[in-house]
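Please read the structure below before turning to the comments.
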Amino acid sequence: MSEQAGIGSAKEAADHELILAFGRLQGAANRLEYILGRALEEECGVSHLMFEVLLILGRAGAPGLSMRAIAQEQVLTTGGATRLVDRMEAAGLVTRADSPDDRRAKLVRLTPLGEETTVRASHVHVENIERYFMEPLPAEDRRRFAEDLRLLSHSARDVLPRLP
């Protein structure tokens, strides 16, 4: 298949249009993750991953989400999600409550501090997204770019295996 793609050497691989495009996407995402994540930590005291979980829980509303649902949404193991939620609970951002549907299960939900932190961090995050993510793009391309990213994200999500 690599011969069909016109790749016969490491140099051709490194210069392949599709490989370069994906590398640029990955590089941009990594750099933006660092810039935006650092701002959330410095200004709001939460990591970008914690902020994403706060958003997921805010979107879910009451009664909350199971650890498995959080893990699936963030592409984490359930153990990784549990450790993250443990840290968030220790910080007072979330609480665990009994599930109304399953006495054995616990659901994670925002505390008032978690709600306030989500709102405050969102203001910081939106400002930085506009500055570092949208402003460098031509104004006429921004909406289409955001829609294309949504399509890519959903397409990749649909390929991932679901947690049992």
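The values are calculated or read from the model by the stated rules, or taken from the named source; none is laboratory data. None of these values were measured; they are calculated from a predicted model. All Cβ positions, glycine included, derive from the backbone under ideal geometry; neighbour counts span all protein chains shown. SASA here: full protein model, heavy atoms, side chains in, ligands and nucleic acids out. Shrake-Rupley method; radii C 1.70, N 1.55, O 1.52, S 1.80 Å.
Among the residues of the stretch 96-121, those that are touching a helix residue (DSSP H, G or I) at 6+ places or on another chain (Cβ under 7 Å), farther than 14 Å from Ser66 by Cβ and of a type in the set (Val, Ile, Thr) comprise Thr117, Thr118.
Taking the stretch 24-56 as the range and being small (Gly, Ala, Ser), open to solvent by 40 Å² or more (accessible area, probe 1.4 Å) and over 19 Å from Thr117 (Cβ atoms) as the test, the residues that pass are Ala28, Ala29. Note on the stretch 5-22: residues that are assigned to a helix (DSSP H, G or I) and open to solvent by 40 Å² or more (accessible area, probe 1.4 Å) total 10. In the stretch 91-112, the residues that are under 20 Å from Leu54 (Cβ atoms) reach residues that are β-branched (Val, Ile, Thr) and open to solvent by 40 Å² or more (accessible area, probe 1.4 Å) with C-beta atoms within less than 9 angstrom, at least six apart or across chains, in these pairs: Val108/Thr95; Arg109/Thr95; Leu110/Thr95; Thr111/Thr95.
Within the stretch 116-138, the residues that satisfy the criterion of being more than 18 Å from Cys44 (Cβ to Cβ) and open to solvent by 70 Å² or more (accessible area, probe 1.4 Å) are Glu135, Pro136.
Can you pull out the residues in the stretch 66-104 that are open to solvent by less than 60 Å² (accessible area, probe 1.4 Å), outside any helix (DSSP H, G or I), modelled with pLDDT of 85 or more and not hydroxyl-bearing (Ser, Thr, Tyr)? Scanning the stretch 66-104 gives Ala91, Gly92, Leu93, Val94, Ala97. Phe145 meets all of the listed conditions (1) within 22 Å of His48 (Cβ to Cβ); (2) touching a helix residue (DSSP H, G or I) at 6+ places or on another chain (Cβ under 8 Å); (3) open to solvent by less than 80 Å² (accessible area, probe 1.4 Å) but one, namely (2). Here Arg120 fits the description: within 29 Å of Leu25 (Cα to Cα) and outside any loop (DSSP other than H, G, I, E, B).
Annotation note: of Thr118, Thr95, the sole residue that is in contact with a Phe, Trp or Tyr (Cβ under 8 Å, 6 or more places away or on another chain) and of a type in the set (S, T, N, Q) is Thr118.
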